[in-house]
1. Given a 1.4 Å probe, how much area per residue of the chain is accessible, in Å²?
2. Only Cα pairs under 8 Å and at least 6 apart count here; give the relative contact order of the chain as a rounded whole percent.
3. Express the carbon and sulfur contribution to the solvent-accessible surface of the chain as a percent, rounded to the nearest whole number, probe 1.4 angstrom.
4. Of [x] 23, 19, 12; [y] 34, 16, 9; [z] 19, 17, 13, which one was derived for semi-axes √(5λ) of the Cα gyration tensor in Å from the structure shown?
5. Can you give the Rg and Dmax of region 51-93 based on its C-alpha atoms, in angstrom?
Amino acid sequence: VKRVAEVADFGAEDGSRRAYTKDDFQLLTVMGLSSTFASAVVLALYIQEQMTLGVYAQPIILWAIVPLLTFWQCRLWFSTTRGYIKGDPILYAAGDWVSQLVATVAVLLLVLAHTGN
């Protein structure tokens with residue numbers, strides 16, 4: 001997200017400290033979106049791992065986190081491609097009420113999965 005935001009912010013074809021140009025915007029976006037969905041698959045594989053089943057009292061609750069985080073990451077990509085994210089995406093997410101809500105719900109789901117209550 002940070003690199004795509006940098007590329008989108010280029011005023012001219014002068015590039016940044018990194019070797020990206022405006023022409024890289026679309027490819028970087030596709031790579032980032034692909035990483036978003038790959039991370040959802042990795043999380044799903046973790047949830048169904050036998051070792052994970054022994055750590056959580058109710059591991060099935062963890063499945064709710066997969067679409068939640070996928071939604072959040074896709075929303076970050078929309079925000080980036082629309083030019084809302086300038087600079088550090090962590091700072092953007094920290095001040096974004098939807099990101100804060102997603103983080104709160106994810107933590108609550110982790111606690112519920114762990115305690116079983």
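The values are calculated or read from the model by the stated rules, or taken from the named source; none is laboratory data. These numbers were taken from a predicted model, which means no experiment stands behind them. Surface accessibility is based on the protein's heavy atoms, side chains included, excluding ligands, DNA and RNA. Shrake-Rupley method; radii C 1.70, N 1.55, O 1.52, S 1.80 Å.
1. Using a 1.4 Å probe on heavy atoms only, each residue of the chain averages 63 Å².
2. This gives 34 percent for the chain.
3. Here it works out to 66 percent.
4. [y]
5. 15.1, 43
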